[in-house]
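The values are calculated or read from the model by the stated rules, or taken from the named source; none is laboratory data. Just so we're clear, the structure is a prediction, and the values are computed from it rather than from any experiment. No Cβ is skipped: glycine too gets one built from the backbone with ideal geometry, and neighbour counts run over all protein chains shown. Heads up: the accessible areas ignore ligands, DNA and RNA and are worked out on the full protein's heavy atoms, side chains in. Shrake-Rupley method; radii C 1.70, N 1.55, O 1.52, S 1.80 Å.
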Amino acid sequence: MHRKNAAILLFALLLLTACDPLDPGPTPTPAPPQVGFSVTLRDVQPLGEMPIELRVSNMGTIPLPADTFRATFELRTKDGELRASGTALLPPLAASTGEERTVIGWDGVLDAGEYELLWGAPELGSTLVEFEIVAENGRLRLGPEVHRRGPVYPRPDAPAGS
């Protein structure tokens with residue numbers, strides 16, 4: 001009888017040590033903030049400047065802390081020639097408010113032609129905008145534009161070191 005009680009006690013102890021209620025187990029990795037990157041293109045101004053606004057919004061349930069993520073933009077011709085680039089720390093954004101904030105404002109002169117603008121952060125995603133500057137009646141104007149959001153940053157076809 002003592003052997004049976006000892007075996008039951010040993011089995012109970014094994015169960016308790018295997019399922020330690022004080023051990024919470026591995027800590028789940030928090031999900032990264034869900035940040036939307038957007039680009040606002042304005043029409044070409046009379047002196048040829050092309051105003052561009054690079055914006056962010058928090059689309060998730062986790063606040064975006066200040067000065068934690070670095071975002072970068074690259075403006076290139078369709079042939080890959082770099083025309084402008086920049087980097088900025090993202091501002092703090094409350095969770096799921098729909099608030100959109102301008103992080104970088106860029107004004108520069110662009111010739112007629114096709115362009116790509118990539119705006120994003122490696123940990124958070126990006127937006128790629130393909131657009132055209134059209135020469136028409138002696139003036140330049142903004143032509144067709146296509147916006148694509150995605151998780152890829154930088155461009156998968158970008159040359160190393162660009």
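How charged is the neighbourhood of V129? Take every other residue with its Cβ under 9 Å from the Cβ of V129, and add Lys/Arg as +1 and Asp/Glu as -1.
Spelling it out: positives minus negatives among the neighbours equals -2.
At 1.4 Å probe size, what's the solvent-accessible area of S57? Round to the nearest 10 Å².
Per-residue accessible area (S57): approximately 10 Å².
Give me the 1.4 Å probe accessible area per residue for the stretch 78-136, excluding ligands and nucleic acids, in Å².
48
Sorted by accessible area with a 1.4 angstrom probe, largest first, how do T72, T97, T127 fall?
The ordering from most to least exposed comes out as T97, T72, T127.
Determine the share of the stretch 35-150's accessible area contributed by carbon and sulfur atoms, expressed in whole percent, with a 1.4 angstrom probe.
47
Using only alpha-carbon positions, what ratio does the radius of gyration of the stretch 26-95 give when scaled by 2.2 N^0.38 Å?
Normalised Cα radius of gyration, the stretch 26-95: 1.46.
Classify the stretch 41-162 as rounded, prolate or oblate, taking a ≥ b ≥ c as the square roots of the eigenvalues of its Cα gyration tensor: rounded when a/c is under 1.5, otherwise prolate if a/b is larger than b/c and oblate if not.
Verdict is prolate for the stretch 41-162.
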